[in-house]
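None of the figures in this text is laboratory data; all of them are computed from the coordinates on show. The shown structure was predicted, so the numbers you read here are calculated from the model rather than taken from an experiment. Neighbour counts are summed over all protein chains in view; Cβ atoms, including those assigned to glycine, are modelled from backbone coordinates with ideal geometry.
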C-alpha cells in the first residue's frame, strides 16, 4: 500500500515537495486554495524567475535561529537546485551569480514542474481551504472547506507537508492561513512583517522627485546607529523610496517600526566620493564654467527633478552663482547631496512585499528533515518558516531546498 502524502500549498516549495515525495514512491495530493498552482512563481524576478544564486551562504539570510539556514544550505546547495531543474528541462543562464531560466520566462519553470507532477500522477485539488490538521492514531487527518465554506471534506494521510507561503504578495492569493494551522499544532510564530518592500516617508518634495531613478547608497539609522546599508539603483517615489537596495534593508525597518523606534533613511547620491571630494568636485565644475548659476551647474550631474529638490532642501537660491555662496552654505549643500536624511514612517503593505520576515519558529523544526517537533508526520517548507533572504534568488532557493528535503523525508525512508 502506497504511503500517502498531502502537500498543503501549491507554491514553489509545495510543488517541489510534491515531486520529491512522489519520486519516493508515495501517492501525493496537493491542496491549493487558489484556482491554480504556482501563481507567485510567475511574478518572481519580474516574470523572469531568479531561481537561485551561485553565491550562496547563510549570510544572505535572516532568522531568529541562523543555524537552521546553514543546515538547509549544507544539504541543498545551489548546484543541487540547478541539477534538479536541468533534469526537468530548464537550461539556465548565470548573470553575475544570479541564475535565470534561459527562456527568460518564469512560466517555463512552472510548466516543467507541472509536467513532472502529471508524470508522477500527483493529484492537484484547487479552490480548497485547509481548516485543521490533527493526529488520529498513526494517521493525520486534514479537514478541508470547499466552495463558499459550506462543504467539508476530510483527507487522511501518512504525512503532511505545510508549504502555505506567507502574507507577502497576497494579491497572488497568499493569506497567511498556514500560520494559524501551525499555531493550532502548538508552534510558536514570530510575527510576520513585510520584507523586501518599499519604504514610506512624508514631505512636499516627494511628488517632485517621483519617477527618478538614481545610483546611490541607502543606510538605515535607528537611535543614532547604522543597522543596515546597501547600494544600487534607488527609485524615488511619491510616497518614499524603492528599488533593490531599499528592499535589501527594509526588513530591518519593519522590525524597528514594530518596536516603535524612530527610523531614518540616509541617501548618498555620490557614494563614490567623500564629503571633501564632493566639495572639490563642485568647485571644479564651477571653475570649468564660472558663468553658470547653481541650477545650471547641476545640469548633467543629477536628474533635473532631483537636483531641484536638493537645491530647495538645502535652502539655496538656484539662480545664484556658486561663487556667491559662503563656505558654510557650500558645505551644507554637499551634506544634502551625500547625506539626505529621510524620516521613515512605514513600509508598503504585504501586497507589495516580495517576502515576509517572521513565521514558524525554526527551533521547533528538525533542520535535517523539516519535520515538526510538535506533531510527528508533519513537515514544513518554504516561506512560512522564520527565514527570509535578500533579493537575488535566495528566497526561491530556500523554498526549493526545504521543499526537496521535506518531500524526500515525508515521502520515504531514504535520507538526502
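Assorted remarks:
- Relative contact order of the chain, defined on C-alpha pairs under 8 angstrom at six or more residues apart (%): 25
- Euclidean distance of C-alpha centroids, the stretch 124-150 and the stretch 54-90, integer Å: 31
- For the chain, the longest principal axis of the alpha carbon atoms and the long axis of helix 304-313 meet at an angle near 70°.
- For the chain, the longest principal axis of the alpha carbon atoms and the long axis of helix 394-411 meet at an angle near 10°.
- Among (i) 23.0, 78; (ii) 25.2, 99; (iii) 25.1, 89, the entry that matches Rg and Dmax of the Cα atoms in Å as calculated here: (iii)
- Cβ crowding within 10 Å, taken as a proxy for footprinting-reagent exposure, orders 332, 320 from fewest neighbours to most as 320, 332.
- Shape of the stretch 39-86, Cα gyration tensor, a/c cut at 1.5: oblate
- For the chain, the longest principal axis of the C-alpha atoms and the axis of helix 12-23 are separated by about 30°.
- Taking label points 7 Å from Cα along the Cα-to-Cβ direction, residue 137 and residue 326 give a separation of 8.9 nm.
- For the stretch 198-347, the Cα gyration tensor yields ellipsoid semi-axes of 29, 15, 13 Å (square root of five times each eigenvalue, largest first, whole Å).
- Rounded FRET efficiency, nearest 0.05, which uses the C-beta distance separating residue 46 from residue 86 and R0 of 30 Å: 0.85
- Listed peptides 387-396, 10-19 appear in the order 10-19, 387-396 once ranked by packing, highest mean of other Cβ atoms within 10 Å at the front.
- Full extension of the chain between residue 345 and residue 276 gives 21.7 nm of extra length, using 0.36 nm per residue less the Cα-Cα distance.
- Extension reserve of the residue 259-residue 315 stretch, reckoned as 0.36 nm per residue once the Cα distance is removed: 16.8 nm
- Potential extension, residue 153-residue 291 segment - 0.36 nm per residue separation minus Cα distance: 41.7 nm
- Sequence-separation-based contact order of the stretch 198-347, relative, with Cα cut under 8 Å and 6+ spacing, percent: 30
- Each peptide in 210-223, 43-56 receives the mean, over its residues, of other Cβ atoms within 10 Å, and ordering these scores from highest gives 43-56, 210-223.
- Looking at the chain alone, DSSP beta bridges between its own residues are antiparallel in about 75 percent of cases.
- Between residue 71 and residue 376, the simple spin-label model (points 7 angstrom out along Cα→Cβ) gives 1.7 nm.
- With contacts taken as Cα pairs under 8 Å and at least 6 residues apart, the stretch 18-153 reaches a relative contact order of 32 percent.
- The alpha carbon centroids of the stretch 194-235 and the stretch 316-389 are separated by 9 Å.
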